[in-house]
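Nothing in this text is a laboratory measurement; each read-out follows from the coordinates by a stated rule. On a predicted model such as this, the values are computed, not experimentally measured, just so you know. All Cβ positions, even for glycine, are placed from backbone atoms using ideal geometry, and neighbour counts span all protein chains on display.
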Amino acid sequence: MPRFFIDFVPSGDAVITGEDGRHIAKSLRMQPGEAITLCDGHGQDYLGEIVEISGESVRVHIHEIHKSETEPSVRVTLCQGIPKSDKMDLIVQKAVELGVSRIVPTVTARCISRPDAKAAQKKVQRWQKIAREAAKQSGRGAIPQVTDFTPLKRAAADAAGKRILFYEGGGEPLPKIVQAQDTDLTIYVGPEGGFSEEEVSLIQQTGGYAGTLGPRILRTETAPLAALTAIMLLTGNLQ
């Protein structure tokens, strides 16, 4: 069933316009009588039926409201060391598909990409759009937030739940850190050059763990996806 995010709470009928309205009417060529799901982006689904299409405006009658069943039981914040090129596009897209709740583009000592404030803002806007599209495609009940660029020290101070920094120098395996009942985790993945020893110590001093994803060294765009997959499996969210 087609699924679209809305930024309002519908009462009885909902009217969809703009890009989504065009997509429903022109690209998908949907017709009155077809079923459609709307989501408020905060975990609430609205099941409805298209009752009218006028140009690029689509009116949907809401039949049923219920909590989304696609959100994982664990909230994972990904603090990703900002990589070079367009690697972050892939990381955001796939992390959202895998169930991440929040993405923090993190400035670390070995980040090569250091755009100025204006360029950084444009990147964040682009990544948020990618997150929205990935959430829609994968049937998510919420749109993960992509925050502004954040220094690692602040990302460590603002972290929720268990903190796990993935370090090529070794650490605890995930099954020893992550429990099935965990509800909040913050994970840290370095840029191409990894983390410095001082940065590892910073996370450990705030009560965090140095973790490992096995004996192989993963690329910066591979590590967060491997970590998220493992976390979702360990917390029962891949069943």
Original post:
What are the ³J(HN,Hα) values, in whole Hz, obtained from phi via the Karplus relation 6.51 cos²θ - 1.76 cosθ + 1.60 with θ = phi - 60°, for each residue of the range 90-99 in sequence order, with x given for Gly and Pro?
Top reply: 5, 4, 4, 4, 6, 5, 5, 4, 7, x
**OP:** Under 30 Å Cα to Cα from LYS122, which lysines show up? Leave out anything in the same chain fewer than 8 places away.
**Re:** LYS26, LYS84, LYS87, LYS94, LYS136, LYS153
**OP:** With a 10 Å radius around each residue's Cβ, average the other Cβ atoms per peptide and rank 181-188, 121-128, 93-100, highest first.
**Re:** 93-100, 181-188, 121-128
**OP:** On a 0 to 90° scale, report how tilted helix 117-138 is relative to the longest principal axis of the chain, with both axes built from alpha carbons and the result rounded to the nearest 10.
**Re:** 60
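Could you order peptides 49-61, 152-164 by the average number of other Cβ atoms within 10 Å of their residues, highest first? Present the calculation step by step, with values, prior to reporting the outcome.
Values: 49-61: 16.2, 152-164: 18.5.
The packing order, highest mean first, is 152-164, 49-61.
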Original post:
Taking only the alpha carbons of the range 3-67, what extent do you get along each of the three principal axes, in Å, biggest first?
Top reply: 29, 21, 17
Original post:
Distance from the Cα centre of the range 203-219 to that of the range 24-51, in angstrom?
Top reply: 42
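If the chain between MET1 and GLN204 were fully stretched, how many nm would it gain, using 0.36 nm times the residue separation less the Cα-Cα distance? Please list the in-between numbers first.
Details: separation 203, 0.36 × 203 = 73.08 nm, distance 4.52 nm.
Roughly 68.6 nm would be gained on extension.
Quick check on packing: order 68-81, 226-239 by the mean number of other C-beta atoms within 10 Å, highest mean leading.
Numbers: 68-81: 20.9, 226-239: 17.4.
Going by the mean number of other Cβ atoms within 10 Å, highest first, we get 68-81, 226-239.
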Original post:
Taking all pairs of different Cα atoms in the range 75-234, averaging 1/r and flipping that mean, what Kirkwood radius in angstroms comes out?
Top reply: 15.5
